[in-house]
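Below is one structure, written out as C-alpha cells; comments come after it.
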Amino acid sequence: MLGLGYVGCVTAACLADAGNDVIGIDPATEKVDAINNGLTPIVEPGLAELIAKTHEQERISASTEVSRALEADVVFVSVGTPSADSGELDLQYIRSVASQLGSRLRHRSGKPVTIVIRSTMLPGTTRNKFIPWLERASGLREGDDFYVAFCPEFLRESTAIQDFANPPFTVIGTESEGAETAAIELLAFVEAPVHVVPSGVAESLKYASNAFHAVKVAFANELARVCIAGDVDAREVMTLFVQDRQLNVSERYLRPGFAFGGSCLPKDVKALQHHARRSGVSAPLIDSLSMTNEAHIDRVVDAVLNAGYRKASQVGLAFKPNTDDLRESPFVKVAARLRHAGVEVIAYDPVIRVERLLGANQNFVNATLPDLDQILVDDISKSLEGAEVILLGTNSADVCEAVLDGPSVPVVDLSGMLPPRVEQALRKRQVPEGGLNAYMGAAW
C-alpha cells in the first residue's frame, strides 16, 4: 500500500483483516513506526483496533522503502493528489510513484504485478499519464509485463471502515484485457456488484459522485436561504422533498441527454431566481441553471456550424416525446438558431400540428420560430431528404426506424434514450470523412 493517509491506512487494515499480508509504504517515518507498533497514524473510528488486531496476527507491517512494494502480487497506490493554487490537480506524487515503481519493475521476476490506483485522478490520467510514465521508467509494456487498474474509493472520514465493507459497488477501470483479474480476486470478500469499465469511466465516476454531493449540499443551503427570506422552515421542506423517491431522490433526470424545457422547469427556475434576487438572497447555483442549459443548446448549434453543414433535419420538436408542448423547447431553440445562422432546417414531429397550437404554446413559437409552418413537414422522409446531418430529439420507434432507413449521414442523438439496437446501428454507420462522427451520443 503506497501511501498511508486516510485511504491507504483504512484500505491496508481492511485488506489485512480479510486475511492478506499487507505492507504499508510511506516516506513519513512516524506513520511507518506507528503501524509497526500496532498503532494507527490517523484518527478514524475502529481503525486502532483493526491495526492492533492485524499487527498481532502479523498481517500488516510498514516500511519507507518503495522497493518492498514489488514483493507483493498487488500494489495499491493511494498517494495524495492535492490541488495547486490554480485549482489544477498536482500529480507530483503520482508521477514520483510511477518513476520509482517503474525503475524497479524491470528487475522484478515472476508473474506480472498488478498496480491498483486508488488516488483520485482526473479522467484520462491512468491511460495518458500514469501508464506511459511507468512504461518509460521500466522499459516494459502494460498489459504484457504488468497491469494497471483504477479502482475508485468512496470512503467517508469517520465512517471509512463501514464504507469499505459495504460499498454500493466495486468499480475497476482498465486499459488492457486481464488487468482486472487480480483486483477482482483480492476484493472478492467485499459483497458488492463488480463493474469492469474503461479507466476513464472509473476516474470520472469518482468526480461525478463528489461533484454531485457538493451540488446537493449547495442546493439545500441555497434553498434554505430562499426559504428563510420568506419565513419558511427549509428543514420541513427538505424533509418532505427527500421522501419523493420517484423523482427527487432517484435516477430520474440523471441520464445525459439534452437541455431541459417545457412548461414547468424553465418558468419555475426563472421565478425562483427572480424571487431570490428580490429577497436579497445570493443563489448562484440556482442562477446557473438557466446558463448551463443554454450552453448545452449552444454546443449543438456550434457543432453543426463548425462542421460546415448547410442543411439539417430536425426530428422531434416538442420538449419531450408524445406531447405537442413546444413551450421553452430546446429543440425549437436549436432550429431557430440554426435558421438564423443560415442553415436550412427541415423539421418533423409526429405530434405537432401548427394549426392546433394555442395560447402560450403558440406565443412561444411565434416569438422563437415564427416560420415553423414553413419548415415543418408531415412526412419524416421529406425531412430527411438531402439532409447533411440529423438532429434526433425523440426515441419514437417509428421515427428511429425511419432514421435508420434514411440517408447515411451523421446523427446527433438529443434524446439520450435511444434503444440499444438503434444506437448500435448508428455507431456502425459509414459517413463521409470530415464533420461529425456517424453517431454523436447524448453525452457528446
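Values as computed for the structure displayed
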| item | result |
| --- | --- |
| Residues of the stretch 181-232 that turn out to be surrounded by 15 or more Cβ atoms within 10 Å (Cβ to Cβ), hydrophobic (A, V, I, L, M, F, W, C) and not in a helix (DSSP H, G or I), as a count | 4 |
| Any hit, the stretch 120-130, residues being loosely packed, with under 15 Cβ neighbours inside 10 Å, among the charged types (D, E, K, R) and more than 13 Å from Ala202 (Cα to Cα) | no |
| Flag if Leu39 is crowded, with 22+ Cβ neighbours inside 10 Å and outside any strand (DSSP E or B) | no |
| Single unsatisfied condition, Val399 versus (1) β-branched (Val, Ile, Thr); (2) within 24 Å of Gly342 (Cα to Cα); (3) in a helix (DSSP H, G or I) | (2) |
| Pairs, first within 23 Å of Leu15 (Cα to Cα) in the stretch 189-208, second among the polar types (S, T, N, Q) and part of a helix (DSSP H, G or I), C-beta under 9 Å, six or more apart | Ser199/Thr125; Ser199/Thr126; Ala202/Thr126; Glu203/Thr125; Glu203/Thr126 |
| Residue count for the stretch 42-67, restricted to those that are hydroxyl-bearing (Ser, Thr, Tyr), surrounded by fewer than 20 Cβ atoms within 10 Å (Cβ to Cβ) and modelled with pLDDT of 95 or more | 3 |
| Complete set of residues in the stretch 112-128 that are touching a residue at least 40 places away in the same chain (Cβ under 8 Å) and either assigned to a helix (DSSP H, G or I) or of a type in the set (Ser, Thr, Tyr) (or both) | Thr114, Ser119, Thr120, Thr125, Thr126, Arg127 |
| Matching option when the condition is in the same structural domain as Thr394 (by TED's automatic domain parsing) and closer than 30 Å to Gly393 by Cβ, among Leu265, Leu272, Leu317, Leu289 | Leu317 |
| Subset of the stretch 84-101 (residues that are aliphatic (A, V, I, L, M) and at pLDDT below 95) | Ala84, Leu89 |
| Complete set of residues in the stretch 186-208 that are polar (S, T, N, Q) and under 8 Å from the mean Cα position of the chain (by Cα) | Ser204 |
| Residue among Gly87, Gly3 that alone is surrounded by 15 or more Cβ atoms within 10 Å (Cβ to Cβ) and at positive phi | Gly3 |
| Counted residues, the stretch 68-84 - those being surrounded by 18 or more Cβ atoms within 10 Å (Cβ to Cβ), within 23 Å of the chain's Cα centre (by Cα) and hydrophobic (A, V, I, L, M, F, W, C) | 2 |
| Failed criterion for Asp144 (all others in (1) among the acidic types (Asp, Glu); (2) buried (at least 19 other Cβ atoms within 10 Å of the Cβ); (3) not in a helix (DSSP H, G or I) hold) | (2) |
| Filtered residues of the stretch 155-176 (kept if among the hydroxyl-bearing types (Ser, Thr, Tyr) and in contact with a Leu (Cβ under 7 Å, 6 or more places away or on another chain)) | Thr170 |
| Search result, residues across the stretch 121-158 that are more than 14 Å from Thr174 (Cα to Cα) and among the polar types (S, T, N, Q) | Ser138, Ser158 |
| One residue from Ser408, Ser329 being hydroxyl-bearing (Ser, Thr, Tyr) and in contact (Cβ under 8 Å) with a residue 40 or more places away in the chain | Ser329 |
| Criterion (touching a residue at least 60 places away in the same chain (Cβ under 8 Å), not basic (Lys, Arg) and not in a loop (DSSP other than H, G, I, E, B)) met by exactly one of Ile161, Ile131 | Ile161 |
| Matching residues, the stretch 236-283, being touching a residue at least 12 places away in the same chain (Cβ under 8 Å), part of a helix (DSSP H, G or I) and not aliphatic (A, V, I, L, M) | Pro266, Lys267, Lys270, Gln273, His275 |
| Any hit, the stretch 102-111, residues being within 31 Å of the chain's Cα centre (by Cα), modelled with pLDDT of 95 or more and in a helix (DSSP H, G or I) | yes |
| Which listed residue, of Arg429, Arg337, is of a type in the set (D, E, K, R) and at pLDDT below 90 | Arg429 |
| Pair list, Cβ < 9 Å and 6+ apart or interchain, from the stretch 25-46 residues that are more than 12 Å from Ile60 (Cα to Cα) to residues that are polar (S, T, N, Q) and surrounded by 15 or more Cβ atoms within 10 Å (Cβ to Cβ) | Asp26/Ser63 |
| Residue in the stretch 359-369 that is polar (S, T, N, Q), in a helix (DSSP H, G or I), under 23 Å from His296 (Cβ atoms) and in contact (Cβ under 8 Å) with a residue 12 or more places away in the chain present | yes |
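The values are calculated or read from the model by the stated rules, or taken from the named source; none is laboratory data. Predicted model only: the values in this text are computed from it and were never measured. Because the Cβ atoms are built from the backbone with ideal geometry, glycine has one as well, and the counts that use them run over all protein chains shown.
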